[in-house]
Structures are given as C-alpha cells and as structure tokens.
Amino acid sequence: MRKMDTDLLPGQGLILCAVSGGADSVYLLVRLAELGYTVAAAHYNHGLRGAESDRDEAFVRKLCQERGVPLTVEKGDVAALAAREHMGIEEAARRARYDFLYRTADALGAAVIATAHTANDNAETLLLNLARGAGLKGMGGIPPVRDRIVRPMLGVCREQVEQYLQSRGIGYVVDSTNADESYARNRIRHSVVPALESVNPAFIQAAGRAAALARRDEQYLAGLARQFLAEHCDGRWVDAHALAELPWPVASRAVRMMAGRELGEGHVADVLDAARKGGVVDVPGLRIARAGDRLLFGVPARQSLPERALAVPGVTPLPEAGLTVICAKLTACPQVVHKSYNIFYFQCENICGSISVAGRRPGDSFRPAGRGCTKTLKQLFQQAGVPPWERDSLPVLRDEAGILAVYGVGTAERVSPGAGCGDIIKIEFVRQQPDRGGYRYES
C-alpha cells in the first residue's frame, strides 16, 4: 500500500484541505488529522447540481463538525461566471474554486493548501494531455507542488482510498456527474484506463512513474532555458541570434517563458523564424518582433502619424509619436551638429511653401545631406535600425517640393544650410515620454 507523500507537507503550521465530500478528499482530511497535522477544511459549493450540491455541502459540514475541524464554506454561481468571462463551465468552476481556496488560506494563515488528487487522477490527466498532443510538461501529469498547492496523494490509488474508508466505516458522497460520459475524463476513466490495465494491471503505478520521469526531464530543460535567458535577456528583449541557435527543446521553452503564456508549436516556430530572419509575429495576446540583433516580446502599439501643418514659429504636439515639434526662426545657423537628428536647421530661401509633418508615404525617398545618393525611406530606416512597427509613426517633415528631413535619419541635401547662410528655420522634436522602444536611432 502506497502512503501519502508527507515530504510535501510543512513541519508545522496549518494545512488547508480542499474537501468536496468525495472519497478522495475525505481520505485526505481524515488521514492528515490522524497523522497529527493541524488541519482546516474548505468547501466550495459550485451550485451546478442543484440539490446534490447542497447535499455535498451539508455532508462536509457534518463531517467537520463531528471531527472538530474548522470549516470555511462558500457558494458561488459558476454558470454566471462562465457566461460573463466567456469560458467553459469546467474552467470557470476550477477558477472559482482555486480563487476561494487561496482567499481562505490567506484569511486563515495556512502554510499550504492540500488537494486530494490521486494516482488515478494523475494517470487520467496524463492520458488526456497525450490525446491533445502535449509535450513533456503535459506528460508530467499533475504537478505535486504548484505555488502553495500541494498534492500528497499522487502516489495513492483510488482503490486504496475506498478500502481505507470502508474499513473504518467513514462515509462519503458520490458526484453523479462522474458517470456522465459527455466528459472526456469520464470516458478515459471508464473505458481507456480499464483497457490499459488489461495490458498491465499496474498501469496506474506505471503511469505515475512515466509522469515523474517526464517532470524530471521537463525541469532540466526548463532550467537550461532559464539559464539562457539569464545570460541573453534584457527585460522584454532577447538576443535573437543566440535564441535561434539553441536546440529546439530549449529554444521553445525560452520563447514560452519570454511570452509568459502557453504557445502552440506553430506559434513557437513562427517566433524562432522571426529570430532567424526578422519580421513581426502575432501570438495570442502578444506581438513579437525582431529589431536589429534582438527580439522584442511585447511590441508597443503605435498609431500612424496624420499630416499636420507646422506654425513657424510655433509649437505642434504629435501625441501619436510621443513628441512635440518646436519651430523657430534664426538669423544664423549654429555650428552645433545634432547627430541624433531630433533638431534640424533649414535654409529659408530653399523652402518651397508651407512645412508639414506626417508619417511616411508609399515610395518615399530623399537625398540626405552628406550621403551623396538618394535612398528610399525603407532603406534608410533599415540602416538606422528603426523597428518596423515604429516606422509609420516616425515624423517626416515636408514642404511642397518633397521631404525636408526625417526624424532620427537626417536632413535633405537641398535645404541643408550652407556656409554664411542667412535666415534659418530651426525645428526641434522634444520627447514627451520615455522611449518605449528601448533602442536609439543612429545614422
């Protein structure tokens, strides 16, 4: 007979037991109390089975009263939560239940929350995940520890639980939905597991060993991915070349860690392709893009920059770019060179008509001063290291003859002030908020 894994339990302090009233949770509560642990119980009434749900609550109340165990009960409307959050009933029930358990543990000062998942539950979970095409993490079944949740019964079989309770005359309730084969887990429990036990009578124990091996391998590979990120990650940025060179098992885990969410194999492949070749990838709830030699997880949303006429002199806000344009007239050109290209000087006599600022236009090109050639904005942006998602909001100054200057890139040769020039227009871009991109433009 397998015993509970007491190594998962604290040496002292309160253990909050999640008690549904079923055989497994009753066994958990009774055994922990018998072993001398300080326990309290928590029961969540999902309200999904009408009178049967209320029956379960009443049973748990009586059980805890008879055994002198403190009990916290909460009744929720899981169906309403599922409708409000657009999720399935099972997912909503799980979220509501665990939220209740965490709140109750906080209120009671419990050291851990113990749930009654058994070796059978673990085997069923492994098979469910296998059917869905899971990797090592899914093949690891139910983790023995997750945050403050501990599962000391993963080595205990359901048959063992029922024999123990029967031998001591301890009752429990049976959930009628356990017989409903519209649930995938019930079909696995009633059909798949018996078929596998006909091949290996000790299938439940074998599945537990396989899950433990998978968890061990997963922990090792995840450790390699964390080590890589510690060496090659800077906030939301990661070294694209180093990521692309990793073996797939480590690279895929690093990508998921950076994304902070579960991603399918196809999404991971797209991200790694962007790390190798460049580009932008959209995954659920996140945009990822390569800029220069780095990959950014969480591309900031930027709007295109509409056209605005500039008052000279005057001040014009550009909220889409997080900038303000300040225009002034000077009688002479300063000898200071601003290589960051956020301050521009134009020779007045070379300006054709009014000056405006807007985003780029298809096919835009100009001849930057000192370059000796005409290039497209796309080429210039690439050379300046401007990420693709920034390019539509990058300010472009124009007059009626074409481009005068591009923020972060340079001034057009035709309006660049010459030696001894007279009247000058000065245009300065002032940033109104921190640079969200985390890069700089260089010519």
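Brief remarks follow.
- Euclidean distance of C-alpha centroids, the stretch 182-197 and the stretch 21-48, integer Å: 26 Å
- Across the chain, C-alpha contacts under 8 Å between residues 6 or more apart give a mean separation that, scaled by the residue count, equals a relative contact order of 12 percent.
- Near the amide H of A291, within less than 5 Å, lie the amide hydrogens of L296, all on another chain or at least 5 residues away, with H placed in the peptide plane.
- Candidates G298, G155, G363, ranked by Gaussian network fluctuation over the chain, Cα under 10 Å, top entry: G363
- Simple label model, 7 Å out from Cα along Cβ direction - R103 to T331, nm: 7.3 nm
- Shown in residue order for the stretch 341-354 are the 3J(HN,Hα) couplings computed by the Karplus curve 6.51 cos²θ - 1.76 cosθ + 1.60 at θ = phi - 60°: 6, 10, 10, 10, 10, 10, 7, 3, 5, 9, 7, 9, x, 7 Hz (x for Gly and Pro).
- Applying 0.36 nm per residue to the separation of E197 and L35 and subtracting their alpha-carbon distance, the gain on full extension is 55.1 nm.
- Calculated FRET efficiency for the pair V280/R226, C-beta based, R₀ 30 Å, to 0.05: 0.70
- Answer label for Cα Rg over 2.2 N^0.38 Å (calculated), chosen among (1) 1.25; (2) 0.95; (3) 1.45: (3)
- Distance between the pseudo-spin-label points of A311 and R185 (7 Å out from Cα toward the beta carbon): 6.7 nm.
- Estimated dipole of the chain in Debye, rounded to 20 [Cβ of Lys and Arg +1, of Asp and Glu -1, Cα centre]: 660 debye
- Amide H contacts for L394 (H built 1.01 Å from N in the peptide plane; partners 5 or more residues away or on another chain; cut-off under 5 Å): R360.
- Temperature 37 °C, viscosity 0.692 mPa s: under these conditions the Stokes-Einstein estimate for the stretch 308-431, based on its Kirkwood radius over C-alpha pairs, is 225 µm² per second.
- Shape of the stretch 83-168 from the C-alpha gyration tensor: oblate (a/c of 1.5 or more and a/b not above b/c, with a ≥ b ≥ c the square roots of its eigenvalues).
- Among beta bridges that DSSP assigns inside the chain, antiparallel share in %, nearest 5: 75 percent
- 3J(HN,Hα) along the stretch 44-50: 10, 8, 6, x, 9, 10, x Hz, from the Karplus curve 6.51 cos²θ - 1.76 cosθ + 1.60 with θ = phi - 60°, whole Hz, x for Gly and Pro.
- Rounded, prolate or oblate (a/c below 1.5 giving rounded, otherwise prolate when a/b exceeds b/c) for the stretch 235-297 by Cα gyration tensor: rounded
- Extension gain (nm, one decimal) between R371 and R146, 0.36 nm per residue minus Cα-Cα: 75.1 nm
- Vicinal HN-Hα couplings computed from phi for the stretch 176-186 (Karplus, 6.51 cos²θ - 1.76 cosθ + 1.60; Hz; Gly/Pro x): 5, 6, 5, 9, 7, 7, 6, 8, 4, 4, 5
- Contour excess over end-to-end distance, with Cα ends at S356 and R84 and 0.36 nm allotted per residue: 93.1 nm
- About the centre of its Cα atoms, the stretch 113-270 shows a dipole size close to 340 debye [charges on the beta carbon of Lys, Arg (+1) and Asp, Glu (-1) only; nearest 20 debye].
- Overall form of the stretch 181-270 per C-alpha gyration tensor (a/c, 1.5; a/b vs b/c): prolate
- log10 of Debye I(q)/I(0), alpha-carbon scatterers only, for the stretch 6-211 at 0.16 Å⁻¹: -1.20
- Other-chain or far-sequence residues with amide H under 5 Å of K75's (modelled H): N45
- Highest-fluctuation residue, M258, M139, M87 considered, GNM on the chain with Cα pairs under 10 Å: M87
- In range of the label at K62: residues from the stretch 171-187 whose backbone nitrogen is under 20 Å from the point 7 Å along Cα→Cβ: 171-177
Any read-out appearing in this document is the output of simple, stated calculations on the displayed coordinates, not a laboratory observation. Note that the coordinates shown come from a computational prediction; the quantities given were computed from them, not determined experimentally. No Cβ is skipped: glycine too gets one built from the backbone with ideal geometry, and neighbour counts run over all protein chains shown.
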